[in-house]
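The values are calculated or read from the model by the stated rules, or taken from the named source; none is laboratory data. Here the structure is a predicted model, which is why all the values come from computation and not from measurement. Methodologically, a virtual Cβ is constructed for each residue, glycine included, from the backbone with ideal geometry; neighbour enumeration extends over all protein chains shown.
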Amino acid sequence: MKLFYRTIIGIGILVFLIGVFLFAKKMIVRNRSNMVSVTIRSSDNWELKGSYYRPLPPIKKAPGLLLLPAFNGDRKSYEKTAPFFQKRGYGVLTIDLRDMGESRQKGKVSNVPDLKGIDDDVRAAIDFLGAQKAVDNQQIGVLAASTVGDAAVLAIDHDSRIKGVVLLSGAYDSTAVHLLESAEFPPALIVASYDDKIATKNASLLMGKLQNPKSKVKLFLNAGHGLNMFWSPKGRELGTLVLNWFEKYVKE
């Protein structure tokens, strides 16, 4: 009799464990299905690796966000940030720009990526994001960090699909400055920290010159540089500011 009960209990435990395993497997597959690895081809034939996060909850036409890493960075820097926006109803695309991360040409080894052509990468990424069935291609926002902000500004110029831009610790050439100052440029949130002297100088030079009344410059104290600002003591405040910016200008 004891053997019988032990057998019954053993079978029950086995069935329970199988159920737990199948449920966990189903959840893993479901989570993976909400983020897919993609390949995007630029106009000059670079194969750019990216990650596309489908909007949650699923809707037919969600706003889209393109998150661009800092120079010599990669899309892994957004592994926590991208799901944050995804769960708030955005279709999110992160990419490795040319010569960075997994976007490498075969047979080419480079420790110092070339900024030339990155604006083409940004345009290709915007086209890809706008082509997704779940994304409204007339409601796209862009977040760029550090010197990549310059390329983002050049790519965004006169693109009516872009409704809001966030630039963290940006560095801009004269052409990008002219575009940012233009009344036709989308609402831009330009962020820097006082302890980052170069970024603060670049941002301060734009104060009072932004002709789009919706654009603004925000300076923090002791927040660091680029994407590291999200993990600084000012990170929560910055995160709220960025989310509200996209909610107001991209998701409206």
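Quick notes on this one:
- Answer from 93, 65, 97, 129 - the residue that is part of a loop (DSSP other than H, G, I, E, B) and buried (at least 20 other Cβ atoms within 10 Å of the Cβ): 97
- Residue check, residue 193 under 18 Å from residue 237 (Cα atoms) and touching a Phe, Trp or Tyr at 6+ places or on another chain (Cβ under 8 Å): yes
- If you go through the stretch 154-173 and pick out every residue that is of a type in the set (D, E, K, R) and either in contact with a strand residue (DSSP E or B) (Cβ under 9 Å, 6 or more places away or on another chain) or buried (at least 22 other Cβ atoms within 10 Å of the Cβ) (or both), you end up with 3.
- Failed criterion for residue 61 (all others in (1) in contact with a Leu (Cβ under 9 Å, 6 or more places away or on another chain); (2) more than 19 Å from residue 167 (Cβ to Cβ); (3) modelled with pLDDT under 95 hold): (1)
- Conditions (1) surrounded by fewer than 22 Cβ atoms within 10 Å (Cβ to Cβ); (2) among the charged types (D, E, K, R); (3) farther than 17 Å from residue 120 by Cα: number failed by residue 196: (1)
- Flag for residue 210 being surrounded by fewer than 20 Cβ atoms within 10 Å (Cβ to Cβ), closer than 20 Å to residue 163 by Cβ and touching a residue at least 40 places away in the same chain (Cβ under 8 Å): no
So that you can scan it fast, the table gives a plain yes or no per residue for (1) over 19 Å from residue 248 (Cα atoms); (2) modelled with pLDDT under 95:
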| position | (1), (2) |
| --- | --- |
| 105 | yes, yes |
| 114 | yes, yes |
| 128 | yes, no |
| 135 | no, no |
| 182 | yes, no |
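- Checking residue 89 against (1) at pLDDT below 95; (2) within 15 Å of the chain's Cα centre (by Cα), the condition it does not meet: (1)
- Per this entry, residue 182 is not counted among residues that are of a type in the set (Ser, Thr, Tyr), surrounded by fewer than 24 Cβ atoms within 10 Å (Cβ to Cβ) and free of Cβ contacts under 8 Å to residues at least 12 places away in the same chain.
- Every residue from the stretch 134-169 that is farther than 23 Å from residue 238 by Cβ, without any contact (Cβ under 8 Å) to a residue 40 or more places away in the chain and not hydroxyl-bearing (Ser, Thr, Tyr): 138, 154, 155, 157, 158, 159, 161
- Output for the stretch 193-240, where each listed residue is part of a helix (DSSP H, G or I) and closer than 21 Å to residue 179 by Cβ: 198, 199, 200, 201, 202, 203, 204, 226
- Comparison of 219, 206, 243 shows that the only residue that is modelled with pLDDT of 95 or more and under 26 Å from residue 63 (Cα atoms) is 243.
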